[in-house]
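The values are calculated or read from the model by the stated rules, or taken from the named source; none is laboratory data. Here the structure is a predicted model, which is why all the values come from computation and not from measurement. Counting neighbours? That spans all protein chains shown, and the Cβs are built from the backbone with ideal geometry, glycine included.
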Amino acid sequence: MKLLQRLMKDKLAAASLCVVAATLLIGLCAPLIAPHPPNEVNMELRFSGASWGYWLGNDHLGRCILSRLIYGIRPSVLWVLAALGATAIIGAFLGFAAGYFRGKTDAVIMRICDVMLSFPGYVMTLAIVGIMGAGLTNILIAFVMMKWAWFARVFRTAVMQYADADYVKFARVLGIGHIGIMTRHIAPIALPEIAVISSGALGSMILQISGLSFLGLGIQAPHAEWGMMMNEARAVMFTRPELMLAPGLAIIVLVSAVNFLSDGLQKALDPKLMLSEKRAKAGAGVIPPRLSGKEVA
Amino acid sequence: MLKVEGVNKSYRQTDWFRKARNQVLRDIGFEWRQGETLGIIGESGSGKSTLGRLLLGIEEPDSGIITFGGKPISDRSTRRGAISAVFQDYTSSINPFFTVRQAILEPLRLAGTASRPFDIGKLLRQVGLDESYLTRYPHELSGGEAQRVCIARAVSAEPQCILLDEAISSLDGSVQMQVLELLKQLRTSYGMGYIFITHDIQAAAYLCDRVMIICGGEMVELVETEELKHVQSPYAKELLSKVIS
Ligand SMILES: Nc1ncnc2c1ncn2[C@@H]1O[C@H](COP(=O)(O)OP(=O)(O)OP(=O)(O)O)[C@@H](O)[C@H]1O
Ligand SMILES: [Mg+2]
């Protein structure tokens, strides 16, 4: 809750949070909100402009663009979020193990990561889609397979920097088990960093999914997806450019919001600022930055 | 009580082409007796901190055994409630998300004595702080205060042995003296012993019953503090003469 308050103070972050939250909510409740079924073909209304019944007009098959945009949130955002969650969990698990236990565990996990990371991402995604066939599920699987190594690597670095700290050493002296140390002493401190990294990755993943769908490799027609909507509008790009506008803007706005939110999160999650806020208000004086070297007592 | 026998420790040098090993400790053997204060003195890089980590059971020696009361120190159950530590770097000694109260109560939670009535205020006053510090976070403490909290934390579960690795080295001169006094006083009131790792001979002589001198990973002397003047080995003599001059 404190985090939310801090986030709300940053206007840009607050606005971004609203955009992202609204998008997620609309996507979840798509059937309730969308004015028309997204796949309802209505040839009489082909390429018709905005009207009271169809706020954003109709596409080349006379389908309601607004409804398709709303349903498109599901593959474009919700499923990407799920894939990101899966990736982050795998990455966090392996990264924690590597960063905390070091030694052989670290060496083995990191060499596997090196191997995974040495494949160019897009090529591998294309190869996986080539083998398993086009479709959203396959692309998401390819994503998880390609990205976990990157996450593991980043999380390892985050964990390693805290696993060295003296309070972790002290906890081990006391005889706390590895799991206890990780959950009590490392995870709470590394979590903000993980949240920032993950939210940063979300933006690029949304873009990539849309990109692959634009190429026709993602979700299959007639289901709606933002990238695919742009692809469908491509045929009439010069006669009816406005058809590209709606999905294009949706992508730009959402990805920017996610990126701004991730920046805001980074600021809001700084433990020094977070914890001493109330005391700073009470006038306890200047708060020294944590790693300001070893000043004399 | 804490018995060290034939301990060797080396670290692998991260070398691309050959597997060199850097021998940090060679054939160390001694015993810490219950209630005594043992000083471990040596130059920077002589392996004091490494020995400290081995004594605390958070690292394993390559060969040799370290036991506490007959049980291996590397077992978590041996350490629990029996041994504690204060480290040099007070900036990272307390979890930044813990208040002073949480930090001090953590050892108690583990030693299984959390239900016992415990006067945290008294403990804080003993280390020269007071109750107003209980709700503070580590970054709101000065270095000396943080180190005092670390000492209070180490003392709280009343372990038999506390290992202090350069616990006063990063403190200002007058604060050093206060902390030394504090340690002496706590020792009489709780009846525990210390293992005091330092490169400061004078501090060691002030606090310790026995002193061990370590050089290049080898133990060169282990004498009663009173006999420190009469040491035989040339290295120890040199170390002493530096201090006296
Ligand atoms: N984890 C490690 N990996 C590799 N080498 C290490 C490791 N820890 C210590 N060493 C090496 O062991 C030697 C002794 O280090 P140690 O920290 O025990 O010295 P010290 O006596 O405590 O010195 P100081 O007084 O500066 O604290 C050093 O040469 C160091 O390079
Ligand atoms: Mg040291």
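Listed here are the residues, each with its yes/no results for (1) of a type in the set (S, T, N, Q); (2) more than 16 Å from ligand 2 (Cβ to nearest atom); (3) in contact with a His (Cβ under 6 Å, 6 or more places away or on another chain); (4) under 18 Å from B:I83 (Cα atoms).
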residue	(1), (2), (3), (4)
B:G128	no, yes, no, no
B:L164	no, no, no, yes
B:V179	no, yes, no, no
B:Q185	yes, yes, no, no
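Quick one: is A:L17 at pLDDT below 90 and closer than 20 Å to A:L202 by Cα?
Numbers: at pLDDT below 90: no; closer than 20 Å to A:L202 by Cα: yes.
For A:L17, the condition - at pLDDT below 90 and closer than 20 Å to A:L202 by Cα - is not met.
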- Item | Residue list for region B:10-59, filter: charged (D, E, K, R) and within 14 Å of ligand 2 (Cβ to nearest atom) | B:E43, B:K48, B:R53, B:E59
- Single residue of B:A154, B:A167 found to be in contact with a Pro (Cβ under 9 Å, 6 or more places away or on another chain), under 20 Å from B:G57 (Cα atoms) and touching a residue at least 60 places away in the same chain (Cβ under 8 Å): B:A154
- Note on the structure: Among helices (runs of 4 or more DSSP H) completely within region A:207-297, the ones holding 1 or more residues that are touching a Lys or Arg at 6+ places or on another chain (Cβ under 9 Å) and at pLDDT 85 or above are A:226-234, A:242-268
- Message: Given the condition touching a Gly at 6+ places or on another chain (Cβ under 9 Å) and surrounded by 23 or more Cβ atoms within 10 Å (Cβ to Cβ), answer yes or no: does some residue in region B:181-191 qualify?
- Response: no
- Note on the structure: In region B:94-105, anything crowded, with 21+ Cβ neighbours inside 10 Å and not in a loop (DSSP other than H, G, I, E, B) is listed as B:V100, B:A103, B:I104
- Where in region B:16-93 are the strands (runs of 3 or more DSSP E), entirely inside, with at least 2 residues that are surrounded by fewer than 19 Cβ atoms within 10 Å (Cβ to Cβ) and more than 14 Å from every other protein chain (Cβ to nearest Cβ)? B:21-32, B:63-68
- Item | Selected residue [touching a residue at least 12 places away in the same chain (Cβ under 8 Å) and closer than 22 Å to A:R184 by Cα] from A:G135, A:G91, A:G121 | A:G91
- Task: Scan region A:46-61 and give yes if some residue there is assigned to a helix (DSSP H, G or I) and closer than 21 Å to A:L212 by Cβ, otherwise no.
- Result: no
- Item | Candidates A:A107, A:A82, A:A88, filtered to the one that is crowded, with 17+ Cβ neighbours inside 10 Å, in a helix (DSSP H, G or I) and at pLDDT 90 or above | A:A88
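Just to be sure, is B:S174 under 22 Å from A:A171 (Cβ atoms) and surrounded by fewer than 23 Cβ atoms within 10 Å (Cβ to Cβ)? Lay out the reasoning, then the answer.
Numbers: under 22 Å from A:A171 (Cβ atoms): no; surrounded by fewer than 23 Cβ atoms within 10 Å (Cβ to Cβ): yes.
No; evaluated as a whole, the condition is false for this residue.
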- Message: Among the residues in region A:161-181, are any closer than 29 Å to A:L17 by Cβ, in contact (Cβ under 8 Å) with a residue 60 or more places away in the chain and more than 11 Å from chain B (Cβ to nearest Cβ)?
- Response: no
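Quick grid of which residues meet (1) among the acidic types (D, E); (2) in contact with an Asp or Glu (Cβ under 6 Å, 6 or more places away or on another chain); (3) under 25 Å from B:A146 (Cβ atoms); (4) within 16 Å of ligand 1 (Cβ to nearest atom):
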| site | (1), (2), (3), (4) |
| --- | --- |
| B:S46 | no, no, no, yes |
| B:T50 | no, no, yes, yes |
| B:L55 | no, no, yes, yes |
| B:E59 | yes, no, yes, yes |
| B:I66 | no, no, no, yes |
| B:I83 | no, no, yes, no |
| B:V86 | no, no, yes, yes |
